[in-house]
Amino acid sequence: MKNFLFFLVALCLTPQTVTAQQTTETNTDSLYYKALDSYKEEEFNKSLRLTNQALELAPEYHDIRILQVRNYWALGDLNKADDDLELLLKEAPQYVDTKPLALQRIGKFTDKEKALNFVNRLEEIYPNDTSIKIQKAQLLLKLKRRKEAREIAFQSIEDTGISGPDRYVLQIILNRTVSNEIAFNYQLNNFSEDYNRESWHTISAEFQHNLNRTAVIGRVNYTDRAYDQGTLYELEAYPVINDRMYGFINAGFSDGTLFPNYRGSASLFYNFAQIFEAEVGGRLLGFDNSSFFTGILGLTAYQGSFYLNARTFIGPERLNQLVQNYQFNIRYYFGNADNFFFGRLGSGISPDEGVIYTSVQNNPGLEAYYFNIGINKSLGIHHIIQLGGGYLYEDVNAETKGNQFLANVMYRYRF
């Protein structure tokens, strides 16, 4: 009898025990972390089963739905992922991880038109969002709709509150949306009485054509130094290697009277940690029967509205003296990337200062200090002007110090 009663009690309790076992995983946080661990271990199907179970219990648990989207992406099921993403955009667009997830989805489209339609949808949900405008401009650029891409980038970069990385990307977009440019530059070098020479006048004219992601420039420089005249012809290019890296290549030649007989230049620029850009390169100049090499290192930071750059030029060795130039460049952007104040402080003269570098070759041990300031201003989309002025203090010879007053004006037309 006792055994029978014990059996009945056990039988009555069995359903409750089973029910308890079936509902032990009602803790959605526990399910989420188990699913996350499975995702990290690349067990995507297991993680997906857990996220499905959790969403049945808590359909508004956004972190779980976001993880479910990532599981579908990992398994290559974009349609199901889009269903969950659309639900997030509809029900929780302001949740902290919803917009970053949507931005990642853009890169998974193989059809650029469909990607653009998706971005237009995001633009309705997040109006005036810079990151979305950047994505839209980049897509328009890939679709060869340069004018539309340029207008978006031009308007976006006028926001003084945008971050340094965003300003850097927008500047690249603007550079890639111009097909052709022509520019004219005039530079005046006025000397103090210590030099016993008349002013120098230099005029440059250039034409730039952008081939997809590479800018190619042809330039003619003419200088009149009262006692003689000279012309330097240059061809240079800025090939874009990828979204983080681009290069600079320059080749030039002249009759060798006032400019080098030939010059070759190359630099490689690499963007890292979002706001930094490193440069490594060199310059090779030929005078008469000799050639001289200069090594270059540079580091740039894009911080808010500021461009901060430090560069050093080391070499060549002339007359047992190592020619050195150190400079600091700064820009403050107002409006878009074509509107900025600029300044430069330097010691020594770099080979990039083609007009005034001649004295360094003759007197490598003499000291020089200089500064330049100016403004670059756009007048609409097509016209740009630049005005600048500076002061150079240097050794004319071992006993005499001299001063130079520098001025330049530039006009650029984009079309």
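What number of residues in region 206-221 are closer than 15 Å to G354 by Cα and either surrounded by fewer than 16 Cβ atoms within 10 Å (Cβ to Cβ) or in contact with a Cys (Cβ under 8 Å, 6 or more places away or on another chain) (or both)? The qualifying residues number 1. Kindly state which strands (runs of 3 or more DSSP E) lie completely within region 233-330 and contain at least 1 residues that are among the polar types (S, T, N, Q), open to solvent by 60 Å² or more (accessible area, probe 1.4 Å) and free of Cβ contacts under 8 Å to residues at least 24 places away in the same chain. Ranges flagged: 290-303. Within region 122-136, the set of residues being of a type in the set (D, E, K, R) and either open to solvent by less than 60 Å² (accessible area, probe 1.4 Å) or closer than 17 Å to E148 by Cα (or both) comprises E123, D129, K133, K136.
Listed by first and then second residue, the pairs with beta-carbon distance under 7 Å, at least 6 apart or on different chains, first residue in region 89-113 and without any contact (Cβ under 8 Å) to a residue 12 or more places away in the chain, second of a type in the set (G, A, S), are F109/A115.
Within region 70-121, the residues that satisfy the criterion of being assigned to a loop (DSSP other than H, G, I, E, B) and surrounded by 12 or more Cβ atoms within 10 Å (Cβ to Cβ) are D77, A92, P93, Y95, D97, K108, F109.
Of all residues in region 149-177, which are at pLDDT 80 or above and either of a type in the set (G, A, S) or surrounded by fewer than 18 Cβ atoms within 10 Å (Cβ to Cβ) (or both)? Of everything in region 149-177, those that are at pLDDT 80 or above and either of a type in the set (G, A, S) or surrounded by fewer than 18 Cβ atoms within 10 Å (Cβ to Cβ) (or both) turn out to be A149, E151, A153, Q155, S156, S163, P165. Of all the numbered requirements in (1) touching a Phe, Trp or Tyr at 6+ places or on another chain (Cβ under 7 Å); (2) assigned to a strand (DSSP E or B); (3) open to solvent by less than 40 Å² (accessible area, probe 1.4 Å), N336 misses one, and that requirement is (2). Within region 387-405, residues that are over 10 Å from S192 (Cβ atoms) reach partners that are open to solvent by less than 80 Å² (accessible area, probe 1.4 Å) and of a type in the set (K, R) with beta carbons closer than 9 Å, at six or more positions or on different chains, in the pairs L387/K377; G390/R344. Give just the number: which of (1) modelled with pLDDT under 95; (2) open to solvent by less than 20 Å² (accessible area, probe 1.4 Å) does A58 not satisfy? If we test A58 against (1) modelled with pLDDT under 95; (2) open to solvent by less than 20 Å² (accessible area, probe 1.4 Å), just (2) comes out false.
Could you go through region 99-108 and let me know if any residue there is hydrophobic (A, V, I, L, M, F, W, C) and under 17 Å from the mean Cα position of the chain (by Cα). No, every residue in region 99-108 fails to be hydrophobic (A, V, I, L, M, F, W, C) and under 17 Å from the mean Cα position of the chain (by Cα). Taken residue by residue, region 209-218 has at least one member that is within 21 Å of R263 (Cα to Cα), among the small types (G, A, S) and at pLDDT 95 or above.
Consider region 178-202 and keep the residues that are among the polar types (S, T, N, Q) and farther than 29 Å from A237 by Cβ. The one that is surrounded by the fewest Cβ atoms within 10 Å (Cβ to Cβ) is N196. Do the conditions hold for K114, that is, is it more than 20 Å from the chain's Cα centre (by Cα) and under 22 Å from Y168 (Cβ atoms)? For K114, the condition - more than 20 Å from the chain's Cα centre (by Cα) and under 22 Å from Y168 (Cβ atoms) - is not met. Restricting attention to region 39-52, the residues being out of contact with any helix residue (DSSP H, G or I) (no Cβ under 6 Å at 6 or more places or on another chain) and assigned to a helix (DSSP H, G or I) number 4.
Only one of the numbered conditions (1) touching an Asp or Glu at 6+ places or on another chain (Cβ under 6 Å); (2) in a strand (DSSP E or B) is violated by A226, and that is (2). Among S290, S265, which is of a type outside the set (A, V, I, L, M, F, W, C) and touching a Lys or Arg at 6+ places or on another chain (Cβ under 6 Å)? Exactly one of S290, S265 is of a type outside the set (A, V, I, L, M, F, W, C) and touching a Lys or Arg at 6+ places or on another chain (Cβ under 6 Å), namely S265. Looking across Y307, Y302, one residue alone is at pLDDT 90 or above and either over 23 Å from G390 (Cβ atoms) or in contact with a helix residue (DSSP H, G or I) (Cβ under 8 Å, 6 or more places away or on another chain) (or both). It is Y302.
Would you check which residues across region 45-54 are of a type outside the set (S, T, N, Q) and surrounded by 19 or more Cβ atoms within 10 Å (Cβ to Cβ) and list them? The answer is L48, L50, A54.
Checking each residue in region 378-415 for being surrounded by fewer than 16 Cβ atoms within 10 Å (Cβ to Cβ) and of a type in the set (K, R) picks out only K401.
For the structure I just gave you, tell me whether Y357 is within 22 Å of S267 (Cα to Cα) and surrounded by fewer than 21 Cβ atoms within 10 Å (Cβ to Cβ). Judged against the criteria, Y357 is a match.
The values are calculated or read from the model by the stated rules, or taken from the named source; none is laboratory data. Remember, predicted model here, so these are calculated numbers, not experimental data. We place every Cβ from the backbone using ideal geometry, glycine too, and count neighbours over all the protein chains shown. Please note that ligands, DNA and RNA were not included when accessible areas were found on the heavy atoms of the full protein model with its side chains. Shrake-Rupley method; radii C 1.70, N 1.55, O 1.52, S 1.80 Å.
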